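Since the structure comes first, as structure tokens, the remarks are kept for the end.
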Amino acid sequence: MTNALAYIIDALATLYFWIIVARVVLSWLTAFNVVNPYNQFIRTIQTFCYRATEPLMAPIRRFLPDLGGLDISPIILLIGVEALRRLLISMLGGQFI
């Protein structure tokens, strides 16, 4: 039972990790005019990634100093997700690390 729970936690954390990466990459591609931000498919993916990650990135941004145009909140969130994943899996006795 706990091994299955550890697997589910690992899968969800990995999925969330890739959602954060997708949000960052899409923001870069939009900023450099590689993709059309008015394309409905791109807009749908961006909206999903924004809604999935913003509730955790907004509080991180409030505590960070102003770094100009550089936003390091995704990096901090990725580190936090990975740390939480490893902590929960080790507590459950999983061998996914």
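The values are calculated or read from the model by the stated rules, or taken from the named source; none is laboratory data. These numbers come from a predicted model, not from an experiment. Every residue, glycine as well, gets a Cβ built from its backbone with ideal geometry; the counts of neighbours run over all protein chains shown.
Pick from 84, 92: which is over 14 Å from the mean Cα position of the chain (by Cα) and modelled with pLDDT under 95?
Values: 84 fails: over 14 Å from the mean Cα position of the chain (by Cα).
Exactly one residue qualifies, and that residue is 92.
Residue 27 passes every criterion in (1) part of a helix (DSSP H, G or I); (2) of a type outside the set (Asp, Glu); (3) modelled with pLDDT under 95; (4) exposed (fewer than 13 other Cβ atoms within 10 Å of the Cβ) apart from (4). Filtered by the rule that a residue be surrounded by fewer than 12 Cβ atoms within 10 Å (Cβ to Cβ) and part of a loop (DSSP other than H, G, I, E, B), the stretch 73-97 gives 93, 95, 97.
If you go through the stretch 60-72 and keep only what is outside any loop (DSSP other than H, G, I, E, B) and either in contact (Cβ under 8 Å) with a residue 60 or more places away in the chain or surrounded by fewer than 12 Cβ atoms within 10 Å (Cβ to Cβ) (or both), you end up with 62, 63. Scanning the stretch 1-20 for residues that are touching a Leu at 6+ places or on another chain (Cβ under 8 Å) and over 10 Å from residue 81 (Cβ atoms) yields a count of 5.
Condition first: closer than 14 Å to residue 27 by Cβ and loosely packed, with under 10 Cβ neighbours inside 10 Å. Now tell me which residues in the stretch 38-50 satisfy that. Step through it out loud before you land on a result.
So the first thing to find is which residues in the stretch 38-50 are closer than 14 Å to residue 27 by Cβ, and the list is 42-43, 45-50.
If the condition is that a residue be closer than 14 Å to residue 27 by Cβ and loosely packed, with under 10 Cβ neighbours inside 10 Å, then no residue fits.
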